[in-house]
Amino acid sequence: MAVYKDKKRGTWYTSFPYVDWTGKRCRKLKRGFLTKKEAQNWENHFKLQKANSLDMTFEDFYGIYETDVSIHDI
């Protein structure tokens, strides 16, 4: 996990590499977390969504599905 403290803003951010569904290596940067734990949780959730395998619980899979469907229903 790559979570860092932004001394200028006083917030936490995460920056880490990942491989997208096409096999391309990418880097993700997300800023503005109030706590280190919040940044770590966001990073873990992001990596779980981008995982190429179905090595996750059905509950996690269904949560991702619900989020995707609700975005498209608007």
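What the table below lists for this structure:
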| read-out | value |
| --- | --- |
| Whichever residue in the stretch 18-45 is more than 11 Å from the chain's Cα centre (by Cα) and in a strand (DSSP E or B) and, among such residues, is surrounded by the most Cβ atoms within 10 Å (Cβ to Cβ) | 33 |
| Criterion: within 20 Å of residue 67 (Cβ to Cβ) and modelled with pLDDT of 95 or more - qualifying residue of 47, 5, 30, 37 | 30 |
| Those residues of the stretch 16-39 which are touching a strand residue (DSSP E or B) at 6+ places or on another chain (Cβ under 8 Å) and over 15 Å from residue 50 (Cα atoms), in sequence order | 30, 31, 32, 33, 34, 35, 36, 38, 39 |
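The values are calculated or read from the model by the stated rules, or taken from the named source; none is laboratory data. Source: prediction; values computed, not measured. Here the Cβ is made from the backbone with ideal geometry for all residues, glycine too, and neighbour counts use every protein chain on show.
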